[in-house]
Amino acid sequence: MSYKEKQIIMSILIGLGIVGSYIIFALKQYHAGVFGPEDYRLWAVAILKFIGAGVMLEIIGQIVFHIFLAIGIAVREKIRNQDMDDRDIEKNIKAQMVEDERDKLISMKSEMIVQVIMVLGFIAGLVTLAAGYTPLLMIHFVLGAFVLGNTAGSIIRIVKYRMGSD
């Protein structure tokens, strides 16, 4: 599995963990009667907190991932060749983390899919409002579209890396 695939999987796991935590939190609050369907401010604050936590966990997760990846590469290279010095190991680590034109093309194509899903989710949210449903449903449609879009984009990137195409 390539460096990029591992990085993407790490992001997916962090994202799904945050979404799962939000769903559990939201259901508990709603069933306990703490947050009602008309408490938009409370829902907005909760969602913003989860978004902030998600960003922080993604940053921390990627830092930890890169540290462990670098250690793993260094150990593997040292086992293969005991005479290898630190500079050669550092070159190997950097070589595995380089982003080339193919990586950029894959990212651009997956981002296009992400944007389409997010726009469709936003439109679906507007349709729920136009149909007379609560704004809370619209908020969750938009949030769901962001999650679905990012997850789909990440999966598409993994598939494209596996296929060896851009």
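General remarks:
- Residues 112, 118, 163 arranged by fewest to most Cβ contacts within 10 Å: 163, 112, 118
- A straight line joining the Cα centroids of the range 20-45 and the range 109-140 runs 19 Å.
- Neighbour-count ranking [beta-carbon atoms within 10 angstrom, fewest first] of 120, 13, 136: 13, 120, 136
- For residue 28, the lysines whose Cα falls under 18 Å of its own Cα, not counting residues fewer than eight places away in the same chain, are 49.
- A helix-only calculation puts the chain at -30500 deg cm²/dmol for mean residue ellipticity at 222 nm, using -39500 (n - 2.57) for each DSSP H run of at least four residues, averaged over all residues.
- Nearest-ten-degree value, helix 3-32 long axis tilted from longest Cα axis of the chain: 20 degrees
- Principal-axis tilt of helix 86-96 within the chain, Cα atoms, nearest 10 degrees: 40 degrees
- Whole-Å semi-axes of the range 1-98's equivalent ellipsoid (Cα gyration tensor): 43, 11, 9
- Degrees separating the helix 101-130 axis from the principal Cα axis of the chain, which is the longest one: 10 degrees
- For the chain, radius of gyration divided by Kirkwood radius, i.e. Rg to Rh on alpha-carbons: 1.11
No value in this document is a laboratory result; all are computed from the given coordinates. Here the structure is a predicted model, which is why all the values come from computation and not from measurement. In this analysis, Cβ positions are derived from the backbone assuming ideal geometry, glycine residues included, and neighbour counts consider all displayed protein chains.
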